[in-house]
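Only one structure is covered here, and it is reproduced in the block below.
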Amino acid sequence: MDAWPLIPGGGGCSGDGPAVFRPSEQRTDGWSDFPARERPGARRGLCAAQLADPSCAASERTVDRTAFLERLPRAHPGRSPGLLVPDLPKVDLISHFTGRLASVDGVVHGPFPPAAVADLVTTILREHEATEYLGWDDVGVAGLHQRLTMAGLGRVEGHLPDRGWGRVRHLAGYQDLVAGLTGADAGLAESGSIVVRSGPGRPRMASLIPLVHVAILSTHRLYRSLCHYVADHPAAIEGTSNLVIITGPSRTGDIEQQLNLGVHGPKHLHVILVD
């Protein structure tokens, strides 16, 4: 038999009952190229007339929004519990963060007093043979850029022209950029991650393009987990065009299951903890 059943009858509009068609027949309802079981509506009991009549089919496929929302309080009585924060065991945030980040090839330095940060940043950049860096305006340590300049490290301009060849030339200059220097809005001890928000004076390229990313993080900004951070800063994503949670250097696994660092971002991540 060369007849294919379309779908069982669905009721609710004309043309109830099983619908059949033969492959040799020319159909005009738009479904001639689909086997019966793959046609939209086939698993929902829509009849042939419902599929052929968009207005009829739409009534079967959609739910009234107001009616749906009115049913929610009955399904979930009581007030919303709000943001749920996991009850994790208490840990030393500094040591936990340090261990987690080290497990994903990141390096944690400190904690150090602010006065010691410039010398440490200079040492890190020179170890990676960097002579200049792209940095945020405010990295959390006063006078840091001036001290790095005195140490012979140049700061790359982070403001991009809006358009034109000036923008192209500026971006091309980042190809050989070795180091980026940023602050960090938070450190997440549970995963060894840092939270970085970009914005005016905070170029996102500083944490994405260079071979080496150096981030300065206050120990007062360490949180147990991402949920704890969001609970304390519910508006964290407001006022920024970009928020990134960074966990170690850029990691990429190829088709041969070989792990590669630094393919799509920095190959080295240094986090300097500041008291």
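Points worth noting:
- Order of Val63, Val271, Val91, Val195 - criterion: other Cβ atoms within 10 Å of each residue's Cβ, fewest first: Val63, Val91, Val195, Val271
- Anisotropy class assigned to the range 93-274 is rounded, per the alpha carbon gyration tensor with a/c under the 1.5 cut-off.
- Shape call, the range 146-234: gyration tensor on alpha carbons, a/c limit 1.5: prolate
- Residue-by-residue Karplus 3J(HN,Hα) for the range 101-115, coefficients 6.51, -1.76, 1.60, Hz, glycine and proline x: 5, 5, 5, 10, 6, x, 10, 10, 10, x, x, 10, x, x, 5
- Most to least packed among 153-161, 177-185 [average Cβ atoms within 10 Å]: 177-185, 153-161
- Listed from fewest to most Cβ neighbours within 10 Å, the set Met205, Met150 follows the order Met150, Met205.
- Order of Ile237, Ile124, Ile272 - criterion: other Cβ atoms within 10 Å of each residue's Cβ, fewest first: Ile237, Ile124, Ile272
Taken together, the values in this text are just the output of simple stated rules run on the coordinates, not laboratory data. Remember, predicted model here, so these are calculated numbers, not experimental data. As a convention, Cβ positions derive from the backbone with ideal geometry for all residues, glycine included, and neighbour counts pool all protein chains shown.
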